[in-house]
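First up is the structure itself, then whatever we jot down about it.
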Amino acid sequence: MKLRQSMRDTLHFFACAAERWLAVFFLLYPLYAEQVACAGLSLPLTAEKALLALALGAGIALCANLPRRPAFGFALAAVLCCAVSVMHISQFIYWNIFQTPYFLRSAQGLGAALEFWRVAVSEAVQNAGYLILYAAQLVVLFTWVRRTMLRRRHRGPRRAPAAAFLALALCAGAVLAQNAENISLLTTGYVPVSSARRFGIVPAMALNAKYDLFGAGAQAAGADLSQLEVQQAQGQAQPAQTDAARLPGKEYGENVMDIHFDLEAEDAVLQDMNRYFSEKQPTGKNEYTGLFEGKNLIYITAEGFSKFLIDEQRTPVLYRLATEGFHFNQFYTPLWGVSTSDGEFAATTSLVPKSGTWSYTDIIGHEMPFALGNLFRQRGAQTLGFHNHSYTYYNRDKSMPTMGYTYYGQGHGLELTEQWPESDVEMMEQSVPMYAGEPSFHVYYMTVSGHLGYTFDGNMMAAKHKDEVEDLPYSDEVKAYIACNLELEDALESLLEQLEEAGALENTVIALTPDHYPYGLTNEQYAELRGQESLEETFELYESAFLLWTPTMEQPVEVDTACSSLDILPTLLNLFGFEYDSRLLMGTDVFSGTAPTVVFADKSFITDEIFYDATNGRVIQRTATATTQEYLDACVQKVNDMFAYSARIIETDYYRYLFGGQ
């Protein structure tokens, strides 16, 4: 009887046009949302994404028919559909602002994020067409679908949608299992952009939740070279430059400390970490070891800064820093999951930010023995940190003291004009007198004047300098970007003038680097600033600047080694002659003779021999030497280790375990 009744229900289902359209609506609901995301965010519609979306849609259709009462069935389906829409709309707006999806633990910073509601509203207005497409689904859901379902006398059939769900889920699983990159994303750690590009918005968020609850599994196997597209870098092939400042026959020693790594530790995780770091090769000291010892250091993380805005006439101070100091010609600033905060974290800790969390928040209260603030303080220097936006934003009021700084921000030690964004010049005018007369100091600045959005209406720094860029041959957005960064130029001018008046400039080193590329510009607008037709988005987009200058340098130093923000800390530690263990950092002293590995959030990387594009499956050879499978395997393993052991250092407070808080 039950079988005959089920068959009658199924026949009735297919005989009723309204029921058929209901099934189609639920089946296609997630896929439609993914299509809008693909169009609005320039994402590919992959087979994995389509099958997972259809399987989810079949699951919603099944849930709509589970309750006996149609009203309950509609309520359940409406909740699921609304959840899909909310995830898509929120991710769509966030991604358009920050060029990366948010993750679930971002909820801890919801209050801080609301400070940028004007930017979110602006993005919503600019993308109103896509948001209307999202809203159209909800309109249909709460009109036609609701009316049709509530007219039912009994629930719809369950076997057909259950069969569809099972079939689509199996197909999706089969497709996922055929690709090594899929397996890596599903098992080895959350990679937000790659996961969303390959699987879709909702599956990526589900994957995020899975990693939050259960953690990552084993590391992925190496990439199969035979399955990759192999290219030769443009131009004549030649050995990639490694700027080793080491003279032949001279003994320099290594940047290593006397650490006992307990290879029989009871904790399996700590035992594995001890094994890994004890076997890792330290990097060597060199001619530049201690070059800046005894000098002061001012370290500036410049919001959204790009070297392509530097101009000899328009930005003479930036031009001086860029051309009279160390000139890093192949420097990259990757974009991580928490944009500014993760950009700061990578550069100041030489650890890969842990995906799916706020790494700087996670290390609050941890032992950070290689943080510049802690090391300079041990030498007796005054160590101060400044940020010209909210004192508590990104929990800097707690993370900066962990890094060794007495910290000041807007509303706590800095009283700046209430405007958006706040003035870098005002920050310099109020902060420099606090330390310029001290015999020894190290100061950290996080600027904000270069923050998006780049318009003359909503950005007070851009409006302030509008007349200075009026005649430039760029679009209004690019002009506004340059204009708000002229505030940084004026701030640097004020900084140098005050240091010189105090007699401190000659003994001070200035280091400046961005937190991320200016993603508030579209890629087309950023290409316009750079004087290019288009931008390659895996590597070229992240080309950046590390300005390192002191007025006592006799001549500039050209550095052609490919390096990144991860390499800043070990390079500075070596230059200032601090004792540190290079095995415990993921970056590399650029002058050590060991080539750094430049890593990106999707685990693409650059070595002295190849560019490896993990997302698009490409190897670009930098030299005439053919890449071997063994070399590629070793590089992929190294990159996986950099991600995995950085996360473990964060999770376990490993430095406290090693050094005992001493």
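Structure summary
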| read-out | value |
| --- | --- |
| Candidates 526, 481, 542, 474, filtered to the one that is among the hydroxyl-bearing types (Ser, Thr, Tyr), open to solvent by 10 Å² or more (accessible area, probe 1.4 Å) and under 22 Å from the mean Cα position of the chain (by Cα) | 542 |
| Residue check, residue 393 crowded, with 21+ Cβ neighbours inside 10 Å and either within 30 Å of residue 126 (Cα to Cα) or touching a residue at least 12 places away in the same chain (Cβ under 8 Å) (or both) | no |
| Some residue of segment 586-593 being surrounded by fewer than 24 Cβ atoms within 10 Å (Cβ to Cβ), at negative phi and either charged (D, E, K, R) or modelled with pLDDT under 95 (or both) | no |
| Some residue of segment 500-517 being surrounded by fewer than 17 Cβ atoms within 10 Å (Cβ to Cβ), among the aliphatic types (A, V, I, L, M) and at pLDDT below 95 | no |
| Residue match in segment 210-219 (condition: assigned to a loop (DSSP other than H, G, I, E, B), modelled with pLDDT of 75 or more and surrounded by 17 or more Cβ atoms within 10 Å (Cβ to Cβ)) | no |
| Close pairs (8 angstrom Cβ cut-off, 6 or more residues apart or separate chains): over 26 Å from residue 366 (Cβ atoms) and in contact (Cβ under 8 Å) with a residue 12 or more places away in the chain in segment 400-422, open to solvent by 20 Å² or more (accessible area, probe 1.4 Å) and hydrophobic (A, V, I, L, M, F, W, C) anywhere | 419/460; 420/460; 421/460 |
| Tally, over segment 139-155, of residues that are over 12 Å from residue 25 (Cβ atoms), open to solvent by less than 80 Å² (accessible area, probe 1.4 Å) and not charged (D, E, K, R) | 1 |
| Every pair of residues 6+ apart whose Cβ atoms lie under 6 Å, when the first sits in segment 438-461 and is under 18 Å from residue 499 (Cα atoms) and open to solvent by 20 Å² or more (accessible area, probe 1.4 Å) while the second is at pLDDT 95 or above and not in a loop (DSSP other than H, G, I, E, B) | 438/382 |
| Top-ranked residue of segment 269-313 - restricted to ones that are more than 30 Å from the chain's Cα centre (by Cα) and open to solvent by 60 Å² or more (accessible area, probe 1.4 Å), ranked as farthest from residue 587 (Cα to Cα) | 313 |
| Filter result (open to solvent by less than 20 Å² (accessible area, probe 1.4 Å) and under 14 Å from residue 444 (Cα atoms)) within segment 406-423 | 407, 409 |
| Segment 317-338, subset open to solvent by 10 Å² or more (accessible area, probe 1.4 Å), touching a residue at least 60 places away in the same chain (Cβ under 8 Å) and part of a helix (DSSP H, G or I), residue farthest from residue 609 (Cα to Cα) | 317 |
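The values are calculated or read from the model by the stated rules, or taken from the named source; none is laboratory data. The structure presented is a predicted model; accordingly, all values stated were derived computationally and were not measured. For neighbour counting, all protein chains shown are included, and Cβ atoms are generated from backbone atoms with ideal geometry for every residue, glycine included. Calculation scope for accessible area: heavy atoms of the full protein, side chains included, ligands and nucleic acids excluded. Shrake-Rupley method; radii C 1.70, N 1.55, O 1.52, S 1.80 Å.
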